[in-house]
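Read the structure below first, then the notes.
The values are calculated or read from the model by the stated rules, or taken from the named source; none is laboratory data. None of these values were measured; they are calculated from a predicted model. When we count neighbours, we look across all protein chains shown, and the Cβ atoms used for this are built from the backbone with ideal geometry, even at glycine.
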Amino acid sequence: MPKKFFNNSIYSKELITRSENITFTKERSFNVMKRAAKACYNFISQNHSVCKVLVICGPGNNGGDGILIAQMLSEEGYSVDVYFPLGVSKTKDASIAYGSLNKDLVIKAINNLSEYKLIIDALFGFNFNKPLNERTQLLINSLNKTSAVKIAIDVPSGIFCDTGKIDKIAFKANRTLALHRLKHCHVLLPGKEYSGQITLLDIKVANLDKDTSVELIERPTLKLPTLQMHKYSRGELLIIASREMFGASKLTTLAASQTAFKSGVGIVKLLVHENDIDIYKHHVLEEILLAYKTLSELKLLIKNNSTIVFGCGLKNTKLNQDILNYILTKKISIVFDAGAFSIMSNNKENFKKILRNHKGQKVLTPHFGEFSKVFQVSDNKIDDCLNAAEETNSVVLLKGSDTVIANNNGNIKINYFTSPFLATAGSGDILSGLIGSFLAQGYSALQSASYGCYIHSQSAIKLDRNFSASELTNEIPFFVKKLSI
């Protein structure tokens, strides 16, 4: 068996087109189509026994791929029907492919969908760019309802390549055979979900990885502590403790603090309003509680070069507004979460300006609802995240099952492997604690956000069940150890 091909780089529609066009200056484009079809055929024949197959072909080059795949499968003994719902091939290479097709395989109508064990979608590919007509919507809906294994060639039909958005409906693949490189739609919702499992196939077209700033989060490599270190040299993290909701305040603050310890920080200090000391003192072991009554007293607890987590469980109060304004005057590293964005929304343009001029490292970690309180939202999550990072001179981590991380230099990291079980109370605070821990340990803002996101997701995947925040936190040190050198 050949070595499995993989690459972290993610291409836009423009970049994959440019990659193909560069290749076509050096070799015949039809040869590339044949190579792509052969790679798809190899995967299908190696993973699916001989059966009855329906190949849905469009009029473009994606349909040409489908034609060649159908021909190869037929010659291997599969019972193949080829259907052209939008008419036969129109592009040059697809027409050549159609000319070589055994026309006995072509059907004019689908009589019985239930007889097919395998359905191959080669309708549109990455060039899909306009709404589906009603007839095509009905066809895709019928295909999706079948029990057949469904394979999409490169991109499931009905998904827009650069955003992952769908038209009214899209082909829901069990597996997508992505050609050359992952595309934005493979990793952004809802395209990610419609793509099913993804297998990346090497079809030997031009490598333009240097021209993309979008890539999957890679497996981090973490530094182990040395014998000469003490708790302060391993990093000190301050957390502004929540006081507005009794149970939630403890959960959010302690989830973040315990996570920080278990991911390597040396010391965690909880900055707690003196009226709330009793909420915390019976529940902390390793954390240091520092009480304050007024903003002036709080200021004495924050030093230059501190690292702070701000927002976990915090409400939009006058005191919290004043605290946020103050910490943004200090040259410190800050992780913003949850309540921070409600506070910023009161005067978002002013806060963007302050963030942009702030000298310390910053990581903003909103989910979509929090993000939309402060930033413009479009149908392109990557662009939105990039714009927010540029507006605030920060790293922005836009949470979700397709988390996007951007910095103001245009670098984009996307988290593909994640778990639906992360949708639980305290999960976001754990992520904030991870990021704050790595910032305090001296990692860059982009590294801290990426590493925190990776470990957060992998810990949840390891559990693979419903869990509490404390259970997720307990998985973290094992992953940190695995990733350490």
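Residue-wise test of (1) crowded, with 19+ Cβ neighbours inside 10 Å; (2) in contact with an Asp or Glu (Cβ under 7 Å, 6 or more places away or on another chain); (3) aliphatic (A, V, I, L, M).
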residue: T17; (1), (2), (3): no, no, no
residue: N21; (1), (2), (3): no, no, no
residue: T25; (1), (2), (3): no, no, no
residue: Q46; (1), (2), (3): no, no, no
residue: V50; (1), (2), (3): no, no, yes
residue: C57; (1), (2), (3): yes, no, no
Problem - Criterion (hydroxyl-bearing (S, T, Y) and either surrounded by 20 or more Cβ atoms within 10 Å (Cβ to Cβ) or outside the structural domain of G400 (by TED's automatic domain parsing) (or both)) met by exactly one of S448, S444, S468 - result: S448
Exercise for the section: Please specify each residue of the range 83-141 satisfying the condition of being among the small types (G, A, S), touching an Asp or Glu at 6+ places or on another chain (Cβ under 7 Å) and more than 22 Å from K52 (Cβ to Cβ). Expected result: G125
Handout entry: Top-ranked residue of the range 96-133 - restricted to ones that are of a type in the set (K, R) and within 32 Å of the chain's Cα centre (by Cα), ranked as nearest to K145 (Cα to Cα)
Key = K117
Problem - Single residue of D322, D276 found to be charged (D, E, K, R), surrounded by 17 or more Cβ atoms within 10 Å (Cβ to Cβ), more than 24 Å from E475 (Cβ to Cβ) and in contact (Cβ under 8 Å) with a residue 24 or more places away in the chain - result: D276
Completion exercise
Of the listed residues (G436, G426), the one being in the same structural domain as H367 (by TED's automatic domain parsing), touching a Leu at 6+ places or on another chain (Cβ under 9 Å) and either without any contact (Cβ under 8 Å) to a residue 60 or more places away in the chain or more than 26 Å from G410 (Cβ to Cβ) (or both) is G426
Handout entry: Single unsatisfied condition, V55 versus (1) touching a helix residue (DSSP H, G or I) at 6+ places or on another chain (Cβ under 7 Å); (2) part of a loop (DSSP other than H, G, I, E, B)
Key = (2)
Problem - Selected residue (only one of S157, S147 is part of a loop (DSSP other than H, G, I, E, B), modelled with pLDDT of 95 or more, over 14 Å from the mean Cα position of the chain (by Cα) and over 25 Å from R18 (Cα atoms)) - result: S147
Exercise for the section: Keeping to the range 417-435, report how many residues are buried (at least 18 other Cβ atoms within 10 Å of the Cβ) and touching a helix residue (DSSP H, G or I) at 6+ places or on another chain (Cβ under 6 Å). Expected result: 11
Handout entry: Single condition L439 does not satisfy, out of (1) modelled with pLDDT under 90; (2) touching a helix residue (DSSP H, G or I) at 6+ places or on another chain (Cβ under 7 Å); (3) crowded, with 23+ Cβ neighbours inside 10 Å
Key = (1)
Practice task
Filter the range 67-85 down to the residues that are of a type in the set (G, A, S) and in a helix (DSSP H, G or I), then identify the one that is surrounded by the most Cβ atoms within 10 Å (Cβ to Cβ).
Solution key: A70
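Okay, residues lined up against (1) under 18 Å from V480 (Cβ atoms); (2) surrounded by fewer than 20 Cβ atoms within 10 Å (Cβ to Cβ); (3) modelled with pLDDT of 75 or more; (4) within 26 Å of the chain's Cα centre (by Cα):
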{"residue": "M229", "(1), (2), (3), (4)": "yes, yes, no, no"}
{"residue": "I239", "(1), (2), (3), (4)": "no, no, yes, no"}
{"residue": "M245", "(1), (2), (3), (4)": "no, yes, no, no"}
{"residue": "T252", "(1), (2), (3), (4)": "no, no, no, yes"}
{"residue": "A255", "(1), (2), (3), (4)": "yes, no, yes, yes"}
Exercise for the section: State the number of residues belonging to the range 376-411 that are within 16 Å of L189 (Cα to Cα), at pLDDT 95 or above and not polar (S, T, N, Q). Expected result: 12
